[in-house]
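Each remark here refers to the structure printed beneath this line.
The values are calculated or read from the model by the stated rules, or taken from the named source; none is laboratory data. Note that the structure is a prediction, hence the values are computed from the model and not measured. Every residue, glycine among them, receives a Cβ derived from its backbone with ideal geometry; neighbour counts consider all protein chains shown.
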C-alpha cells in the first residue's frame, strides 16, 4: 500500500524532490553539510568540514560554537526572544511557559550556580530528574559553561544510577526530592542516596523540590554526616573520608545567581554530553556526542522531516533520559526557534484522553511518539480520539522501534484523520539524529521507514558485507560518516571499535536487521544482537541476566525478548537454580523484585521459566536465538556450534 501526500503538504515542504537532493547529497556530502552549517552561529568558522580517520569522524574541525548559543543566545536580539520556548504541563494540568528570554535567564542562573560550586569546562554532571522544566534547564546550563551532562532516566534504580555516576566520574548530581507518577509518588532522592554510598567523585547534590512538603531525608548515615539547617535551604556537611560536600536545594542555589552568564566558546569536537545505552554486555555504554556535528545534524533533520515553521508547537512524548529527548524535545526545537511542548504525565493519566485534550488545548502542530504508546491507546478504541479537535496537527511522527502497519494505519486514520503524513524515523543513541526517515512530500508505506536521510549512505548486507537481494533480511549498515555521529564510547575505545566497526569492516554496524523492497523502501525488522526493546526502552540481555544472577538462589540466567502487542517486546527469562533450591511461584515473585531493584520497573520480566540447562556454544556462550526460536515455534537454524 502506498499513501501519497496531499498537495497542501507537498506545497509546504522544504524538500520537493527527494531523489534529486539525495543524489546530490551523496555525491558531495561535505558541501551539502557545510552549506547547512552556515545557517547556524559559529564563534569561528571551521577549517575542514570532515576529518575522517576510520573509524573516527570529526566534523567541522577548527570551528568553534556552542549548542546553547544556537538554541538560546542567538535569538535574544530578535523577535524570537519573546516567543514561547517551552510549554510544560504538570500531570495535574497546571502549566508553566518560558519565553526564549526567560528560559535563557533560568539557564544562566543554574549555570552560574554550577560555577559557584566549582564546576568547570569538561566536568561531568549527572542529571537524574523527571520530565520537569529543571531537567531541561540543567541540561542547557551544563552546556552553556562547557560542562558535560549525563542524563539518567528517572525510572532507573539506585544500582543503575550508581553505575552511570561512577563510570562518568560525575562531580555533581541533580535530582528531585520526589515526583508524581500517575497515582504514585516516586521517592527518587532515596535512589540517589543509595547510589552515592562509597562514591569518591561527587562533590555536590542539587535537589529540586518537585513535591511540596517532602523534605530531604536526614543524611547522618552517610559517612557520619551531620545535618545542619541554614536559612538558605538544606546543607549537609559530610565527613572527610567522602568526596560529598553538600546537598543543596535547587531554588536556594539559583535564587542567588545572576541572570547573565556568558556562553562558553567550545571547539567543534568538544564533548557536549554522555548518554548511556544498554549493550550486549552487562555494562552500559557511555555514548559521547560533540557540539558541532550533532548540532548540525539534529537541526536539519527536525527542520526538513517535520517541516518546522516559526509558529510550530512541537511535542515529542519522549523523556530526556533517552536520546529522543536530547535531540528532539530540547536541542533541535530550540535551535530551530520554535516552541517545544512537554507533558509530565503518562499517556493514560489522569485518563486515556489526556494526549488528545492537550493537543486540542495547546494547538500542537507536530506530534512525535512511540508505537508502544499508539498500540496501548488503540486498546481503548477510536471514540476517545474522535471527540477531540486535532485540526491543529500538521505532521505526525513515530520513534523508538518499528511501527507495525496496523498501528500505523490506526494512527493515520484516527489521529491524522487521513490528512497528514507520518514520519516513521529510524535512528539510535549512537547516530544522534534521524537516519532513515521520510520527508512529508514522499509517498509512504505503512510500516516502512522510507529511505535514508540526505547524506546518509545506508545499505543492507550479509555477514560478509555483500548486498543482499531485494526483500531479504540482512544487517543494516551505514557506509560513510554523518555529522551527528558519536565520537566514542566513554573510557572504552576498544568497545567503540569492536561493537560498531569491526563486525563488518569499513562500515558502521547498526545492530539492526532490515530489508529493502523493490522500490528502495527500508523495513526495519528488529535487533540482530541481544538488546530487548520494551516500550521503546533498550535493555541489554546481559544486563538483565546479571540482575537475575545477583540473587543468591540463581546459578544461570538467559533472557529473550518476545513480540508483544503493546510493549513491542516482553521479557522472558530462563533460570537455572542453584542445587537444593526448589522452583516456586514465590521464588518467581522474588526474582521479579530482584530485577526491578537492580534495573528499574521498566525491566520487569513478564515470564520466568525454571530450566535444567541452557543452549550453549562450546565456548560457553548462551545461544539466545535458539531459545527465542523455540519459544516462537520458529526454525532454530544452524546449531552445529552447540555443545549439546
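Here are a few things to note about the model shown:
- Subset of the range 400-432 that is over 24 Å from the mean Cα position of the chain (by Cα) and assigned to a loop (DSSP other than H, G, I, E, B) - its residue that is surrounded by the most Cβ atoms within 10 Å (Cβ to Cβ): 420
- Counting only residues that are over 20 Å from the mean Cα position of the chain (by Cα), in a loop (DSSP other than H, G, I, E, B) and under 27 Å from residue 520 (Cβ atoms), the range 461-505 holds 18 of them.
- Qualifying positions in the range 558-582 - surrounded by 14 or more Cβ atoms within 10 Å (Cβ to Cβ) and over 27 Å from residue 402 (Cβ atoms): 575, 576, 577, 581
- Scanning the range 5-20 for residues that are assigned to a helix (DSSP H, G or I) and over 18 Å from residue 459 (Cα atoms) turns up 7, 8, 9, 10, 11, 12, 20.
- Meets criteria (surrounded by fewer than 24 Cβ atoms within 10 Å (Cβ to Cβ) and in contact with a strand residue (DSSP E or B) (Cβ under 7 Å, 6 or more places away or on another chain)) for residue 245: yes
- Residue 478, sole failed condition from (1) more than 13 Å from residue 430 (Cβ to Cβ); (2) touching a residue at least 24 places away in the same chain (Cβ under 8 Å); (3) surrounded by fewer than 22 Cβ atoms within 10 Å (Cβ to Cβ): (1)
- Given (1) in the same structural domain as residue 307 (by TED's automatic domain parsing); (2) part of a helix (DSSP H, G or I), number of the condition residue 52 does not satisfy: (2)
- Scanning the range 324-344 for residues that are within 18 Å of residue 83 (Cα to Cα) and either in contact with a strand residue (DSSP E or B) (Cβ under 8 Å, 6 or more places away or on another chain) or not in a helix (DSSP H, G or I) (or both) turns up 329, 330, 333, 334, 336, 337, 338, 339, 340, 341, 342.
- Residue in the range 202-219 that is at pLDDT below 95 and either in a strand (DSSP E or B) or within 20 Å of the chain's Cα centre (by Cα) (or both) present: no
- Of the strands (runs of 3 or more DSSP E) lying entirely inside the range 73-174, those containing at least 2 residues that are farther than 20 Å from residue 272 by Cβ and not assigned by TED's automatic domain parsing to the domain that holds residue 341 span 84-89, 95-99.
- Residue in the range 488-501 that is without any contact (Cβ under 8 Å) to a residue 60 or more places away in the chain and in contact with a strand residue (DSSP E or B) (Cβ under 6 Å, 6 or more places away or on another chain) present: no
- Test set (1) farther than 16 Å from residue 517 by Cβ; (2) surrounded by fewer than 21 Cβ atoms within 10 Å (Cβ to Cβ); (3) out of contact with any helix residue (DSSP H, G or I) (no Cβ under 8 Å at 6 or more places or on another chain) - residue 491 fails condition number: (3)
- The residues on offer are 287, 298, and the sole one that is in a helix (DSSP H, G or I) and either modelled with pLDDT of 95 or more or within 15 Å of the chain's Cα centre (by Cα) (or both) is 298.
- Within the range 360-373, the set of residues being modelled with pLDDT of 90 or more, in a helix (DSSP H, G or I) and either surrounded by fewer than 17 Cβ atoms within 10 Å (Cβ to Cβ) or in contact with a helix residue (DSSP H, G or I) (Cβ under 7 Å, 6 or more places away or on another chain) (or both) comprises just one member, 361.
- Of everything in the range 517-539 that is part of a strand (DSSP E or B) and touching a helix residue (DSSP H, G or I) at 6+ places or on another chain (Cβ under 9 Å), the residue that is nearest to residue 498 (Cα to Cα) is 531.
- Yes/no for residue 113 being at positive phi and more than 22 Å from the chain's Cα centre (by Cα): no
- Out of 108, 116, sole residue that is closer than 26 Å to residue 267 by Cβ, surrounded by fewer than 17 Cβ atoms within 10 Å (Cβ to Cβ) and touching a helix residue (DSSP H, G or I) at 6+ places or on another chain (Cβ under 8 Å): 116
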